[in-house]
Amino acid sequence: MSKIFALAGVVIRELYRRKDFYVLFVLTALLTLAAGAVNFFHDDKIVRYVKDICLLLIWVSALVIAIVTTARQIPAEREARTIFPLLAKPVSRAQVIAGKFLGCWLASGVALVVFYFFFAVITGSKEHLWPWAVYLEAGWMQWAMLAIVIAMVLLGSIYFAAPSSTSTISLIVVVGILLLGTHLKVIALQQPEPLQSILTAAYFFMPHLEWYDLRDFVVYDMGRVPVRAVALATVYAAVWTWIFLLLAWLGFRRKNLTT
Amino acid sequence: MTAILQTQKLRVEYRSRELRQAGKVALRGLDLEVHAGEVFGFLGPNGAGKTTTMNVLLGFVPPTSGAASLFGIDVRQPIARQRIGYLPELTYYYKFLTAEELLRFYAKIFGLARAETDRRIASLLKLVELESAAKRPIRSYSKGMQQRVGLAQSLINNPDLLILDEPTSGLDPLGRMKVREIIQRLKEQGKTVFFSSHELGEVETICDRVAIVHQGELKAVGTVAGISAGHANLEQAFLKLVGFQPNPAS
Ligand SMILES: Nc1ncnc2c1ncn2[C@@H]1O[C@H](COP(=O)(O)OP(=O)(O)OP(=O)(O)O)[C@@H](O)[C@H]1O
Ligand SMILES: [Mg+2]
């Protein structure tokens with residue numbers, strides 16, 4: 001376990017020493033701040049609109065950070081040939097996968113904490129409402145979803161060597177699921193037969209990332225989701241994460257790595 | 001004598017990316033045994049299969065058939081690499097880390113205790129003369145400095161067996177001498193060193209035994225004196241074994 005944490009530590013250290021992520025990070029923080037500076041005039045519609053925009057920004061930013069960071073982990077190790085001195089140590093490839101996953105997931109967690117903190121402070125200072133439990137739930141669910149996404153991208157990065165193709169494909173798949181996920185069952189019913197079964201099957205066999213989107217609960221002050229639902233969703237996320245990590249390991253395990 | 005590095009009928013075939021093309025056979029049934037405490041030179045022309053052998057020993061490439069073990073443990077198990085150090089032919093290290101951070105990271109991978117880690121890092125930085133640059137990112141190092149970081153990381157766990165792939169290539173004469181000195185010192189400490197090289201002069205001076213491979217097959221193995229017997233020197237013996245015919249006109 002300490003080996004996995006050591007590997008994760010390197011991932012995180014690289015992230016905070018890279019400038020490009022600062023840019024995205026600072027940009028999101030600044031935009032959130034700017035949105036907060038808009039005078040709300042106590043108009044509910046504008047308040048919601050601004051909150052909606054801020055949350056969208058947080059979602060997009062967190063996804064991009066998670067996907068881009070994860071996609072380059074293993075290809076960069078191979079490209080820079082740092083994978084060789086690493087694997088020549090008593091570390092298994094499963095541990096390398098686990099360490100990379102953990103590093104990316106923890107880093108995205110830190111980003112989420114900062115983003116939600118900004119969001120809370122800004123809306124709180126305007127509305128004088130501090131629904132911490134709602135934010136905590138929304139943030140936790142988003143983090144759980146990012147676990148699935150990161151594991152999936154890690155799997156992709158084993159097969160597509162170029163980080164840019166892994167990132168692009170992952171982003172399309174993730175955004176596709178987020179936008180179409182809930183509607184797929186309905187869409188399926190309107191299709192002719194072979195397609196209908198395929199889409200219905202896809203609905204049941206895909207990771208439902210859209211379930212983790214609690215933005216409406218935050219924007220419309222809808223209160224909290226029952227803890228049991230959150231717990232179930234967490235288990236579901238853990239299962240999917242585990243499946244993707246297992247597949248990534250199976251792909252990586254027998255890979256020829258030539259110096 | 002116990003073999004601490006062993007390959008048995010080791011065969012490696014690289015599958016080609018194109019579907020219909022046949023794979024490339026890099027090793028054809030290589031049998032090798034390296035004993036505790038010896039400095040073993042692994043020789044052969046370009047493309048002979050030296051790096052491939054090391055790639056199998058380190059678990060980078062699975063053997064197509066045959067077996068390889070370190071300290072009697074199959075190389076497919078990570079624990080086989082607990083007591084070895086490895087210096088790749090050409091490698092870069094995490095550029096965003098400092099030399100000290102890099103060594104600390106690898107020490108964690110070996111599961112070394114904190115105090116032990118501090119002690120080893122201090123002595124290794126001294127050994128490779130990187131003390132003054134230890135807190136700078138590796139990004140800012142020259143090529144020779146990066147090679148020295150490589151040497152330091154290969155020794156972090158105080159290994160009993162060192163696997164070095166052309167450790168002196170790309171170094172200046174002073175650097176080469178330093179590496180030879182370090183190999184000598186390790187030998188005096190009772191360590192085993194397995195290294196590949198094209199520098200036959202160097203091999204003659206520091207190796208207890210050598211093996212010569214050619215086209216994935218073992219051509220000769222023995223002491224330098226044994227292999228050179230009947231030839232002017234090791235180089236002549238080497239050329240003969242890999243099938244080079246001297247031009248009679250010259
Ligand atoms: N990834 C690979 N895919 C296909 N063939 C490879 C691969 N790596 C090596 N080979 C082939 O395997 C053979 C052995 O290569 P290897 O790198 O082991 O030689 P070497 O003895 O280390 O040579 P050198 O002295 O040049 O370093 C060569 O014919 C090489 O072309
Ligand atoms: Mg080689």
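The values are calculated or read from the model by the stated rules, or taken from the named source; none is laboratory data. None of these values were measured; they are calculated from a predicted model. Neighbour counts are summed over all protein chains in view; Cβ atoms, including those assigned to glycine, are modelled from backbone coordinates with ideal geometry. Side chains included, ligands, DNA and RNA excluded: accessible areas come from the protein's heavy atoms. Shrake-Rupley method; radii C 1.70, N 1.55, O 1.52, S 1.80 Å.
Could you give me the residue pairs with C-beta distances under 7 Å whose first residue belongs to segment B:26-51 and is in contact (Cβ under 8 Å) with a residue 40 or more places away in the chain, whose second residue is among the basic types (Lys, Arg) and within 16 Å of ligand 2 (Cβ to nearest atom) wherever it lies, and which are 6+ apart or on separate chains?
Filtered contacts from segment B:26-51: B:Phe42/B:Lys50; B:Gly44/B:Lys50.
Could you tell me whether segment B:54-64 includes any residue that is near ligand 1 (Cβ under 9 Å from one of its atoms), in contact (Cβ under 8 Å) with a residue 60 or more places away in the chain and within 14 Å of chain A (Cβ to nearest Cβ)?
Scanning segment B:54-64, I find at least one residue that is near ligand 1 (Cβ under 9 Å from one of its atoms), in contact (Cβ under 8 Å) with a residue 60 or more places away in the chain and within 14 Å of chain A (Cβ to nearest Cβ), so the answer is yes.
Return the only residue of A:Phe21, A:Phe25, A:Phe84 being surrounded by 20 or more Cβ atoms within 10 Å (Cβ to Cβ) and out of contact with any Lys or Arg (no Cβ under 8 Å at 6 or more places or on another chain).
A:Phe84
Looking only at helices (runs of 4 or more DSSP H) that lie completely in segment B:163-247, which have at least 3 residues being away from ligand 2 (no atom under 16 Å from the Cβ) and exposed (fewer than 15 other Cβ atoms within 10 Å of the Cβ)?
Helices (runs of 4 or more DSSP H) meeting the threshold: B:173-188.
Wholly within segment A:157-259, which helices (runs of 4 or more DSSP H) include no fewer than the required count, namely at least 2 residues that are exposed (fewer than 14 other Cβ atoms within 10 Å of the Cβ) and modelled with pLDDT under 90?
The qualifying helices (runs of 4 or more DSSP H) are A:163-180, A:184-189, A:193-204, A:227-253.
Considering only residues that are in a strand (DSSP E or B) and among the β-branched types (Val, Ile, Thr), look in segment B:76-114 and name the one that is nearest to the other protein chains (Cβ to nearest Cβ).
Looking at the filtered set, the residue picked out is B:Ile84.
Looking at A:Ala98, is it farther than 30 Å from A:Arg254 by Cβ and either buried (at least 16 other Cβ atoms within 10 Å of the Cβ) or touching a residue at least 12 places away in the same chain (Cβ under 8 Å) (or both)?
Considered against the rule, which asks whether it is farther than 30 Å from A:Arg254 by Cβ and either buried (at least 16 other Cβ atoms within 10 Å of the Cβ) or touching a residue at least 12 places away in the same chain (Cβ under 8 Å) (or both), A:Ala98 comes out as no.
Contact list please: Cβ distance under 6 Å, first residue in segment A:79-91 and outside any helix (DSSP H, G or I) and among the hydrophobic types (A, V, I, L, M, F, W, C), second residue open to solvent by less than 10 Å² (accessible area, probe 1.4 Å) and at pLDDT 90 or above, pairs at least six apart or on different chains.
Listed by first residue and then by second, the contacts come to A:Ala88/B:Leu58; A:Ala88/B:Tyr86; A:Val91/B:Ile109.
Where residues in segment B:1-52 are open to solvent by less than 50 Å² (accessible area, probe 1.4 Å), within 16 Å of ligand 2 (Cβ to nearest atom) and part of a loop (DSSP other than H, G, I, E, B), which of them is nearest to the other protein chains (Cβ to nearest Cβ)?
B:Gly49
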